[in-house]
Amino acid sequence: MPWLRTAMHLALLLGGQDLPHALGQGWGAECSGVVSDLLDCGAGAGAGPADALGLLQMQQHRVVVEDKPCDTGATRDPRCEAGWLSNPTEKASVVEASNTMEKVNVVEATNDSDATCNDGSPGVYYWSPAPSDGEPHSWLVFLQGGGWCWDAASCASRVGDLVSSAQYPSLQVNDMYGILGSLSPVRGFNRVYIRHCSSDAWMGDIGAKATSADVNWRGARILRATLRHLVEARGLADGDFLLFGGASAGARGAMVHLDALQPQGLVPAGVKLLGFLDSPYWLDTPAFQDLTQVEHRFPEQTKQVVLNMQNEAIVSGAGLCELDDVWKCTFGEYRLPMLKTPFVLFSSQYDWFRLTVSQAASVTPSGCFPEPQCSYYDYADSGANATRQKLLVLPQVISGTSGVYSSTCYDHAMSIWKEFNLQRVLGVTMAEALSAALEATGSPNGSRMPIVVDASCGQFNCGSGCMKKLDSTCGCSA
């Protein structure tokens, strides 16, 4: 999608100004009234970026944002005129993928009796094969998030689906707009969603009797058993393409395992890999107002994880991560710059989870930070500035081998939800950024990865495309 690749670089190079407006400025008077989000910008042939940037090539990647967004009337989506939205009855070129996935018992499927949740119930993945008109040699393996625990006390507070598969349904229904849904850019892939019931961010392989914490941490075991099953029973083979990643704790696990998948024989050497990392990026900074409890201090949590899970070999990727302090191999600020496998990284500068944990407080649609609020906003702004600066100097981003997408929205790990296809950063959705990364990965002509980093406003949840609405009475008046 040449138009999208060009748009990605404009999103960064334009210094944070509104992307559609800037494109309009660049395409002459007929484009000065761009409605939104890279629209047709002129009706005639060659009149604007819809033609010049190849926008009509989006037909095979259409996204339906309402039941019938292209009906006539006041609510008609203007992108219909550019040809990359349509009513469901019009989308003949769209792969017909299902929103449902079937449950697979990992213990039964692999005969690995240790591939279990915290409570000893079997690990589970959900499976949807490529549709008949899809891409049978392309795969998505997505690791669920859901936090972690690092000792007996923190693990005791986790209950239900976080620690047990006992109540997992036989069928999982995905949000149609999310990465696993029927409107995803990878809807034509074989799709695998591994549930997180081990509370270890996919980094543990130790039984309760072997650790002083008395916790069964087997996430790495579940992951490895699942990958073996995909190879032996599902057909993942040399020459295939694998998009491997996750969200939140799933993204941190994917970050740890990504470079080791092939050296450790978990994925055939001839598989082409791309990492999808949604919200794994933690900063090694003090907690708000020097909160001392481990639950508010990410570095201390991580050190406890490595100590109690005894997982040095796992988190170091069997030696691929050579940092002196092994715990840093699980920490985004330190591990991401070391990755050799191409990836696309999604990270909000005002990440809700990072701030909520570090500040022991949050803003909601009906509630504000405690008074005085200014100290909370100052802390959030400091972290946002540091995140933005560090993301832009990742060596893989500078070299063009990996991509980055960073909003100012107060959210976290949105890739399985509707925001993946509907929320825009500088006019670009997460789905479109992924599409550009997929194109760059498979392109023979040296296409570069997407770079979308919002520096347009520099304030808490300030991006014009942010879908999360907060209490309007909140804020810092100083």
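Annotations for the structure displayed:
- Loop-resident sites, segment 308-342, for GluC sites (Glu not before Pro), counting at most 10 other Cβ within 10 Å (DSSP): GLU322
- Mean-position separation - Cα centroids, segment 301-338 and segment 212-227, in angstrom: 16
- Counting protein heavy atoms only, segment 313-471 has 55 percent of its accessible area on carbon and sulfur, 1.4 angstrom probe.
- Rounded, prolate or oblate (a/c below 1.5 giving rounded, otherwise prolate when a/b exceeds b/c) for segment 415-459 by Cα gyration tensor: oblate
- Listed peptides 121-130, 208-217 by packing density, highest first (mean Cβ within 10 Å): 121-130, 208-217
- Only protein atoms count toward the accessible area here, which uses a 1.4 Å probe; on segment 214-310, the carbon and sulfur part of that area reaches 43 percent.
- For segment 122-145 and segment 395-445, distance of Cα centres in Å: 20
- Given LYS272/LYS328; LYS303/LYS390; LYS418/LYS468, the pairs whose alpha carbons are separated by over 20 Å: LYS272/LYS328; LYS303/LYS390
- Overall shape: oblate for segment 320-436, with the ratio a/c of the largest to smallest alpha carbon gyration tensor axis at 1.5 or above and b/c at least equal to a/b.
- Remark: relative contact order (segment 215-362) = 27 percent; criterion is Cα-Cα distance under 8 angstrom and separation of 6 or more residues.
- Relative contact order for segment 260-327, counting Cα pairs under 8 Å that sit 6 or more residues apart, in percent: 23
- For segment 364-456, the relative contact order is 28 percent, taking Cα pairs closer than 8 Å that sit 6 or more residues apart in sequence and dividing their mean separation by the residue count.
The values are calculated or read from the model by the stated rules, or taken from the named source; none is laboratory data. Source: prediction; values computed, not measured. Neighbour counts are summed over all protein chains in view; Cβ atoms, including those assigned to glycine, are modelled from backbone coordinates with ideal geometry. Keep in mind that these areas ignore ligands, DNA and RNA; they rest on the heavy atoms of the full protein, side chains included. Shrake-Rupley method; radii C 1.70, N 1.55, O 1.52, S 1.80 Å.
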